Amino acid sequence: EVTEIIKDEDFGNNMKPNLFIKNVSGQAKVVAMKLDLKSMPEGHVQCCIDNCMTFSNPAVEISGSISIPAGKSESIETEWFLPNGTTTPKHWTAVLTAGLCKAGGAAYEYAEDGPSIKVSFGKNATAITSVKENTVTEVERYNVQGQKISKPCKGINIIKLSNGKTVKKLIP
């Protein structure tokens, strides 16, 4: 089950997505969400990662960033709010992309796209329509003694990938 109906004191009954960003690397990572809201017909979207941000314009927006410890998950709290008095059915699709951030001048800046999901927002129901995996990249590399290495070395290399899998590779 992807969603659950919850009772919120401020908003009443609403659908809360059970979507999470999970850090599968061996170290803490700073992440943010890139929200493609270009097809949003009206209203506003609220995205709560670390702190809540509201976006009212149909554009590509970046949420706040948060540091996720190794192996931990962070909820993606995202909801579409229609203007008061809207009675006609509305439906549109947003693309949410989890991405890595790097240290910038005053704060962390969105730097690299990760996995994306397509979310269909509607006046009545909300659903995920597709999930797109980003290309798998090498996160860490170790030798057979378990020591972290920065580049391939002769012998067996143990490689941890961005999708959480670990592979062993023989380097001649």
Residue count, segment 44-92 (criterion: buried (at least 17 other Cβ atoms within 10 Å of the Cβ) and among the acidic types (D, E)) | 3
Select, from D50, D36, the only residue that is at positive phi and under 13 Å from the mean Cα position of the chain (by Cα).
-> D50
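Yes or no, residue by residue, for (1) more than 19 Å from Y108 (Cβ to Cβ); (2) aromatic (F, W, Y):
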site	(1), (2)
M40	yes, no
G43	yes, no
Q46	yes, no
C52	no, no
S63	no, no
I66	no, no
W80	yes, yes
N84	yes, no
K90	yes, no
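In segment 123-155, which residues are modelled with pLDDT under 80, in a loop (DSSP other than H, G, I, E, B), surrounded by fewer than 13 Cβ atoms within 10 Å (Cβ to Cβ) and touching a strand residue (DSSP E or B) at 6+ places or on another chain (Cβ under 6 Å)? Lay out the reasoning, then the answer.
Initial filter on segment 123-155 (modelled with pLDDT under 80): 123-135.
If we keep only those that are in a loop (DSSP other than H, G, I, E, B) as well, we get 123-126, 133-135.
Still in the list and also surrounded by fewer than 13 Cβ atoms within 10 Å (Cβ to Cβ): 124-125, 133, 135.
Listed by number, the list holds a single entry, E133.
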Please go through segment 52-82 and pick out each residue that is in contact (Cβ under 8 Å) with a residue 40 or more places away in the chain, acidic (D, E) and more than 30 Å from K160 (Cα to Cα).
-> E79
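The values are calculated or read from the model by the stated rules, or taken from the named source; none is laboratory data. These numbers come from a predicted model, not from an experiment. Reconstructed Cβ throughout: ideal geometry from the backbone, glycine too, with neighbour counts over all protein chains shown.
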